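Have a look at the structure below, then the notes.
The values are calculated or read from the model by the stated rules, or taken from the named source; none is laboratory data. Not measured: the values here are computed from a predicted model. Every residue, glycine among them, receives a Cβ derived from its backbone with ideal geometry; neighbour counts consider all protein chains shown.
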Amino acid sequence: MAGLELAPPEKWTAAQTRAQFEAISRLRWRIFVNAFRRKGGAGELVSRIILYVFFAGFAFGVTFTAGLLAFLGAWKGHLNWLDMLLWGTFLLCQLTNIQLGQSGTTFDPTQLIRFPMRVGNYIAIRLFFGLLTPANVIGALISLAIALGITIALPSLWFYALLALAVFAIANALFSRMVFAWIDRWLSTRRAREVFTGFLFAFSLGIQYLNFTFNPAYNHHHQSHVPLERLTAALHLYHRAQPYLAKLPPGLVTSALLSARQGHTASFFAATAGCALFAAVFLAVFALRMKTEFRGEILSDAATAVAKPKKPLASARRPSSTAAPLTVAPLAAASITPRTFGLAPAVTNQFGKEMLYVRRNQGILFALVMPMAIAVFLCIKWSTRSSASWIFPAAVAYTLMGLVALSYNSWGLEGPGSQLYFLAPVRIRDIMLGKNLMNFALASLEIVAMLAVVTYTGHQPPITIILASLLWAAGTLLFSTALGNQRSLASPKKINLASTTRKQTSSLSGLISLGVMLVAIGFGVAVFSAALFFHLQWILLPLFAAFAAGGFWVYQRILASIDRFALANREQLFLELCKPD
Amino acid sequence: MPPAIAAHALSRSFNNFLAVDNISLAVEPGQFFGFLGPNGAGKSTTIKMLTGLLAPSAGSIQILGEDLIANPVEVKRYIGVVPEGMALFGKLTASEYLTFVGRMYGLDKQTTQQRTTELLEFMGLADQQKKLIADFSHGMGKKLALAAAVIHGPKVLFLDEPFEGVDAIAAQTLKSMLQGMISRGATIFLTSHVLEIVERLCSHIAIINKGHIVASGSLDELRAGVQARLAPGLEADSNARLTLEQIFLNIIGGESGPARPEQELTWLG
């Protein structure tokens with residue numbers, strides 16, 4: 001039969017593999033560029049540029065500092081300082097990874113397994129296309145700066161410094177790749193995500209506690225508040241851990257360079273090889289994960305969803321084939337729900353749904369508890385009769401920092417459910433109001449709790465300060481929510497809780513949210529400072545009342561026109577929120 | 001009596017691409033209406049416009065005599081929809097979701113509760129009380145979406161691929177439910193690629209291709225039309241009834257033209 005004989009497959013060539021790499025590079029580039037072509041893309045581009053400038057400034061700052069410290073350490077003969085510096089670099093990279101995410105997030109890379117690709121190539125693709133992350137860039141730059149700092153101070157060590165720090169940078173980058181590949185695997189189920197969020201919460205709280213307890217910047221005026229025995233205990237713990245830490249990459253690189261300084265070349269190579277061995281292990285563990293992915297592993301809860309054996313129900317069902325048509329009464333027969341507290345039923349219903357979502361979102365719950373914990377630390381540290389007038393406003397501002405951000409992507413968790421609001425006989429204004437009321441309720445709860453914490457652990461702030469803070473909070477919340485409502489509809493971002501490597505908010509919305517908070521805090525601080533300086537505390541109330549009234553006016557204006565705005569933006573909304581995970 | 005669904009001169013373009021071009025259709029009350037077309041023909045765009053998920057570029061839509069664009073809230077009280085994306089909230093349980101939807105459609109608490117229980121039992125989801133929707137399989141999600149679409153007793157039901165991913169037993173149950181609704185006077189507008197289901201359920205059919213309605217009428221009318229066109233070639237089989245698949249392929253094939261031999265992919269095994 002002509003045309004049906006299968007020709008023996010030609011041998012896969014290196015050129016074809018190169019073509020695959022090139023195609024993936026092009027794909028990533030096109031996805032990146034096309035993201036800016038969508039509605040709101042120009043804003044996203046501007047916000048990215050601003051973020052990149054900030055990032056470049058930050059990267060330059062830490063790189064320069066690290067280089068300078070390495071230079072000073074080497075110059076003063078304290079190469080062992082390097083240990084701290086490298087641990088700092090390692091921790092900074094991991095924190096940057098958590099905060100700024102990973103690259104390779106523009107498409108699901110597991111889709112690549114359907115192409116004719118060897119497992120080795122797949123691993124290489126997953127490795128290389130994830131290397132260009134902000135954290136790895138910072139890690140590589142800092143390592144280079146440290147090597148340069150050492151080289152300038154001790155030119156004879158140039159080769160050793162460059163080699164050891166290059167190995168360290170590679171180990172650091174591979175560690176990040178390994179950890180995030182496994183974290184995404186562990187977080188594929190909801191239960192694991194809940195445990196992980198709890199762990200992160202406890203970890204952050206612990207870091208904050210250590211920061212407030214041991215950071216000299218916070219203990220400057222209150223030396224007596226840091227018990228000496230606590231410091232001794234911390235040092236003791238560090239010394240006990242030191243022999244174990246010395247066997248890890250930062251310790252190995254430090255000891256390699258110390259050996260090189262003393263002319264023990266063999267020891268230098270042994271320690272550097274130790275660090276390289278760690279890099280190899282990280283690579284192997286990463287490869288192991290990729291190999292399983294390559295076999296087509298599906299991890300989500302939905303993929304393993306199976307119907308449980310059915311228990312007989314009280315009202316036994318008829319066999320399916322003879323199932324009687326369901327008797328759904330027409331709408332007219334149903335009575336219409338009365339208003340609650342003057343609010344439309346859709347508003348209260350939406351409020352109830354939002355409560356369920358908050359209850360099931362540990363991230364939000366922890367975000368609520370965290371400011372209170374910080375306020376407790378703050379009060380224990382600083383609370384005096386005079387400081388009570390600024391601790392409460394500061395605590396309120398800190399609380400709002402976390403809460404207002406939620407309103408800038410308030411539809412992110414709705415997913416395809418967002419369509420329901422446009423199908424049901426409800427106004428988007430009511431839906432937004434329901435969502436906003438939840439935020440207002442959370443903020444109120446949080447502020448009241450904060451006041452209780454400040455009063456209980458320290459001193460009750462003056463009543464003028466309490467009222468002024470509340471008015472400032474109301475104004476800030478209203479201004480932010482008004483803008484947040486529009487941004488939620490105009491530039492939504494589907495939130496995927498199962499991935500640590502995807503962006504969960506629009507860059508521009510994040511920037512606007514931060515900008516609004518900074519302006520509001522700047523205004524608050526300026527007014528508070530001026531009023532306290534000129535002993536005109538009474539002026540706080542009318543000024544902040546006017547601020548709150550302005551916020552209310554803007555909020556209700558935007559809310560009144562939100563239906564029209566939602567209709568104009570619905571296609572963009574569905575495009576983003578209804579896309580598959 | 002006004003048509004249950006009436007669309008007049010409906011168009012929708014995306015940038016320079018005209019997805020739906022000046023279509024008009026009327027679905028009478030009590031009809032089980034099948035809306036067919038090949039991929040990219042404009043089915044989903046049309047159903048989205050008819051349900052208010054997408055604004056038409058031009059044209060008008062009346063549901064039970066009410067203008068959808070002028071009175072969207074009023075119209076939406078009488079329609080139920082299973083959209084392409086199913087409109088489910090992953091962080092709710094099935095029971096919470098149905099309660100939420102019922103309340104959104106203005107049902108009181110007691111009625112919502114009663115219908116939720118009844119629907120969950122009917123759909124075979126009553127034993128999934130604690131499971132979140134995010135953990136549902138695709139088929140379970142479809143059943144829940146259908147339950148949500150009917151909880152308020154809609155007079156007009158729009159279903160976009162309702163049987164996709166649903167097992168045979170559940171599909172049978174759903175078909176019985178839909179036929180029951182028709183017998184009580186509801187109107188159903190359905191799109192599906194499974195032509196056997198459409199043939200068994202629908203009394204009237206419209207076929208859309210490249211944004212235009214290319215055929216519309218009862219199944220018998222479509223059959224007669226196609227048979228008349230093919231009469232010379234089918235004389236020997238004149239007693240054989242054309243299936244909907246044959247009708248569909250004939251109409252769409254006639255529109256697009258049959259594949260030319262030189263278009264065959266000879267390099268395929």
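So the values come out like this:
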| read-out | value |
| --- | --- |
| The lone exception for B:LEU54 - which of (1) more than 7 Å from chain A (Cβ to nearest Cβ); (2) outside any helix (DSSP H, G or I) it fails | (1) |
| Residue satisfying all of: in the stretch B:64-88; small (Gly, Ala, Ser) and over 14 Å from B:HIS152 (Cα atoms); surrounded by the most Cβ atoms within 10 Å (Cβ to Cβ) among these | B:ALA87 |
| So B:ILE23, is it out of contact with any Lys or Arg (no Cβ under 6 Å at 6 or more places or on another chain) and within 14 Å of chain A (Cβ to nearest Cβ) | no |
| Residue tally, condition in contact with a helix residue (DSSP H, G or I) (Cβ under 8 Å, 6 or more places away or on another chain), free of Cβ contacts under 8 Å to residues at least 24 places away in the same chain and either more than 8 Å from every other protein chain (Cβ to nearest Cβ) or more than 15 Å from B:ALA149 (Cβ to Cβ) (or both), over the stretch B:104-116 | 3 |
| Condition check for B:SER183: within 11 Å of chain A (Cβ to nearest Cβ), closer than 20 Å to B:ALA4 by Cα and out of contact with any Phe, Trp or Tyr (no Cβ under 9 Å at 6 or more places or on another chain) | yes |
| In the stretch B:81-104, the residues that are more than 17 Å from A:VAL347 (Cα to Cα) and outside any loop (DSSP other than H, G, I, E, B) | B:VAL81, B:VAL82, B:THR93, B:ALA94, B:SER95 |
| Cross-chain or 6+ apart pairs with Cβ under 7 Å, the stretch B:177-201 first and at positive phi and among the charged types (D, E, K, R), then in a loop (DSSP other than H, G, I, E, B) and at pLDDT 90 or above | none |
| Residue list for the stretch B:27-51, restricted to those being closer than 17 Å to B:ILE69 by Cβ and touching a strand residue (DSSP E or B) at 6+ places or on another chain (Cβ under 7 Å) | B:THR45, B:THR46, B:ILE47, B:MET49, B:LEU50, B:THR51 |
| Unmet criterion (only one of (1) more than 17 Å from the chain's Cα centre (by Cα); (2) part of a loop (DSSP other than H, G, I, E, B)) for B:HIS8 | (2) |
| Checking B:LYS210 against (1) touching an Asp or Glu at 6+ places or on another chain (Cβ under 8 Å); (2) under 28 Å from B:VAL75 (Cβ atoms), the condition it does not meet | (2) |
